[in-house]
1. With axes computed from alpha carbons, what is the tilt in degrees of helix 20-32 against the longest principal axis of the chain, rounded to the nearest 10 within 0 to 90?
2. Measure nothing but the geometry: give the 0 to 90° angle between the long axis through the Cα atoms of 37-53 and the longest principal axis through the Cα atoms of the chain, rounded to 10°.
3. May I ask for the longest run of the chain untouched by trypsin sites (Lys or Arg not before Pro) that are loop-located per DSSP and have at most 11 neighbouring C-beta atoms (other than their own) within 10 Å?
4. For volume of the Cα convex hull per residue in Å³, the listed values are (1) 94; (2) 128; (3) 86; which was obtained by calculation from the structure presented?
5. Where only protein heavy atoms count, and the probe is 1.4 Å, what is the accessible area per residue for the chain in Å²?
6. If Lys and Arg each add +1 and Asp and Glu each add -1, what is the summed charge of the other residues whose beta carbon sits under 15 Å from the beta carbon of Ser65?
7. For the chain, what's the relative contact order in percent, using C-alpha pairs closer than 8 Å and at least 6 residues apart?
8. Give Lys25/Lys81; Lys14/Lys45; Lys25/Lys45 a once-over and call out the pairs whose C-alpha atoms are over 23 Å from each other.
Amino acid sequence: MCFEKFWKEYPSRKPHSNPRKTAEKAYHRQTKNGYREEDLIEAAKNYASYAKAESVEGRYICMASTFLNQERFLDYQEPVKKPISMMDIL
């Protein structure tokens, strides 16, 4: 099963909860809805990269089940590009 890969890539919410069992149910529901496992895993990677780049605290990282149930993974099909600020130019 590819859920293990998804779970491994998904950003940690520690020390806050992120129930694995509900996330796994949501993952399988989305694959039954026709979403490709590869796309869900890639979205988890992209979300993790975004969270790391933006130094998002664990409590603000979306629970994996919510990420899947609300189809937030659709927002992370491509790597999130950080906008260029004036400080980057100077």
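The values are calculated or read from the model by the stated rules, or taken from the named source; none is laboratory data. Here the structure is a predicted model, which is why all the values come from computation and not from measurement. Positions of Cβ are generated from backbone atoms using ideal geometry, with glycine treated the same way; all protein chains shown enter the neighbour counts. Accessible surface areas use protein heavy atoms only, side chains included; no ligands, DNA or RNA. Shrake-Rupley method; radii C 1.70, N 1.55, O 1.52, S 1.80 Å.
1. 80
2. 30
3. 37-80
4. (1)
5. Values: 6370 Å² over 90 residues.
On a per-residue basis, 71 Å².
6. On the way: positive: Arg13, Arg20, Lys21, Lys25, Arg29, Arg72; negative: Glu24, Glu71.
So the surrounding residues net to +4.
7. Relative contact order of the chain: 41 percent.
8. Lys25/Lys81
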